[in-house]
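Quick notes on the structure that follows.
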Amino acid sequence: MCEDCLTREEVEEIVAEETAELRAELEGEREQRKAAEAERDRLQERVDELEARAYIDWDSGDERDIQIVATDGTRYPLGRAVKTKVAETDLQERLDDLRDRLAEGDLAEAEPEPESPTIETETPLEDIVALPESVAETELSANQQRARFLARDVRDYADKAPAGWCLTAGQVGTVLKAGLDITPHSETVRRVIQILEDLCDDAATVRKRRGEKRIVFDEDLVQRLERQQANDGVRTAPA
């Protein structure tokens, strides 16, 4: 009997093992193919979604040439608005102008200011909070109005910290969603936090902890903002 010859049982066992390995490989390839098809379908849906959206057309260096192209091909000029739009964080000149116009009664929708003692303000944020609601709605951008909304009740939304009052990016998003009935994008939250920091001068700082941005307001600033809310309508004056 041949010593190197395999028995029938041994051959069948080898064939069974190889067959099982082939089946496992085929199953793995089948799963990979399904995953690839699913990813392809997802990417196609994303392409279809993007193609169905309006887009910005700007092929020159002049902001006045910026246009929005709607899904039906209609073009809407946006350049003039971009060219003349006041930067969101460059508000001091606008605030000074608004203050002068309010004093002169030049804002038709603003209610006349009562004769009352002035409250000194030390930051542009306090000037914005002190604006009449009708003026804020017409003169401030959407993100500036959101920053103003948060600043009016910082203590209600923020957590006490050794350096003052801390408001995280997550808390900003939650407050905007609950208070203004919007679902803010992460970029919107980032811009609102940046606006708050810029308008607070040195009275607030933005920090990052465990990967999340947060803004910390000085206690003195929070107290001044609260005094403004307690004396809503009282004329303010820069320090």
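The values are calculated or read from the model by the stated rules, or taken from the named source; none is laboratory data. Because the structure is predicted, anything quoted here is derived from the model rather than measured. Quick reminder, even Gly has a Cβ in these numbers, built from the backbone with ideal geometry, and neighbours come from all protein chains shown. The area values use the complete protein model at the heavy-atom level, side chains included, leaving out ligands, DNA and RNA. Shrake-Rupley method; radii C 1.70, N 1.55, O 1.52, S 1.80 Å.
List of remarks:
- Exactly one residue out of Gly28, Gly61, Gly73 is modelled with pLDDT of 75 or more, open to solvent by less than 80 Å² (accessible area, probe 1.4 Å) and either touching a Pro at 6+ places or on another chain (Cβ under 9 Å) or small (Gly, Ala, Ser) (or both), and it is Gly28.
- Contacts under 7 angstrom Cβ, first residue in segment 141-157 being free of Cβ contacts under 8 Å to residues at least 12 places away in the same chain, partner open to solvent by less than 60 Å² (accessible area, probe 1.4 Å) and part of a helix (DSSP H, G or I), 6 or more apart: Gln145/Ala136
- Here segment 145-193 is the region considered, the condition is being among the polar types (S, T, N, Q) and under 10 Å from the mean Cα position of the chain (by Cα), and the residue that is most open to solvent (accessible area, probe 1.4 Å) is Thr183.
- Single condition Lys160 does not satisfy, out of (1) assigned to a strand (DSSP E or B); (2) touching a strand residue (DSSP E or B) at 6+ places or on another chain (Cβ under 6 Å): (2)
- Any hit, segment 40-54, residues being of a type in the set (A, V, I, L, M, F, W, C), surrounded by 10 or more Cβ atoms within 10 Å (Cβ to Cβ) and either touching an Asp or Glu at 6+ places or on another chain (Cβ under 9 Å) or modelled with pLDDT of 80 or more (or both): no
- Each residue in segment 126-157 was checked for being touching a strand residue (DSSP E or B) at 6+ places or on another chain (Cβ under 8 Å), over 18 Å from Arg190 (Cβ atoms) and of a type outside the set (A, V, I, L, M, F, W, C), and 3 of them qualify.
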